[in-house]
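Here's the structure we're looking at; comments come further down.
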Amino acid sequence: MTERIPSTRGSRDGPLLRTVIRQGVPAPRPSDEELLQVRRIRWSQDLLVVAASGEIDLATAGKLELALAGRLPATTVLDLTQVSFLGVAGLRVIESAAARAQSEHRTTGLVADTRPVLRLLQLFRVDARIAVYRHLDQAIREVTNR
């Protein structure tokens with residue numbers, strides 16, 4: 001907050017004004033729960049949709065990893081359309097889950113439509129190894145028909 005307050009020194013034109021910057025209390029860092037929400041949606045017996053919303057970075061990637069761990073159905077679609085930031089830690093989780101799916105003869109697909117997420121997927125050539133779709137319905141239709 002910036003405000004002007006009169007100085008105690010004056011001149012013949014009136015009091016001098018000086019700018020005072022008041023330091024506010026910094027806002028607390030949001031919790032991991034507020035930064036990333038992950039839902040597992042059992043679409044059918046053979047299809048699981050894992051929908052993430054928020055930021056996937058070093059602090060929150062473990063939450064996504066947990067959602068992709070354990071016994072998974074034949075097809076998993078990871079919906080990243082509500083992700084505003086994807087860091088390298090999140091990218092590693094995605095690649096690890098896709099590699100595991102391939103070794104277990106399962107199918108994986110990604111849904112992404114935000115520029116920051118798509119850019120990272122393209123930069124690290126993840127889109128060349130994992131099918132990436134712009135819309136969830138398209139991903140479900142094409143991944144389940146493989």
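Values in this text are rule-based calculations from the coordinates and carry no lab data. In this text the structure is predicted, and so the values were computed from the model without any measurement. We place every Cβ from the backbone using ideal geometry, glycine too, and count neighbours over all the protein chains shown.
With an 8 Å Cα cut-off and a minimum separation of 6 or more residues, compute the relative contact order for region 73-120 in percent.
Details: 47 pairs, mean separation 29.9, N = 48.
With pairs under 8 Å counted, the relative contact order is 62 percent.
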For this session: Step through the residues of region 52-69 one at a time and calculate ³J(HN,Hα) from phi using the Karplus curve (6.51 cos²θ - 1.76 cosθ + 1.60, θ = phi - 60°), rounding each to whole Hz and writing x for Gly and Pro.
Result: 10, 9, x, 10, 10, 9, 4, 6, 10, 4, x, 5, 5, 4, 4, 5, 9, 8
Problem set entry | Proximal charge balance of VAL50 [Cβ under 15 Å; K/R count +1, D/E count -1] | +3
Problem set entry | Debye, to nearest 20: dipole size of region 34-144, +1 on Lys, Arg Cβ, -1 on Asp, Glu Cβ | 160 debye
For this session: Grab the Cα-Cα distance for GLU34 and PHE85, subtract it from 0.36 nm times how many residues apart they are, and report the gain in nm with one decimal.
Result: 17.0 nm
Exercise. Which whole-Hz couplings ³J(HN,Hα) result when phi for each residue of region 35-41 is put into the Karplus expression 6.51 cos²θ - 1.76 cosθ + 1.60, θ = phi - 60°, listed in order with x for Gly and Pro?
Worked result: 6, 9, 10, 10, 10, 9, 10
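Using only alpha-carbon positions, what ratio does the radius of gyration of region 34-144 give when scaled by 2.2 N^0.38 Å?
Details: Rg = 12.4 Å, N = 111, 2.2 N^0.38 = 13.2 Å.
In units of the globular-protein estimate, region 34-144 measures up at 0.94.
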For this session: Note the full-extension length gain between GLN45 and ARG119 as 0.36 nm times their separation in residues minus their Cα-Cα distance, in nm to one decimal.
Result: 23.4 nm
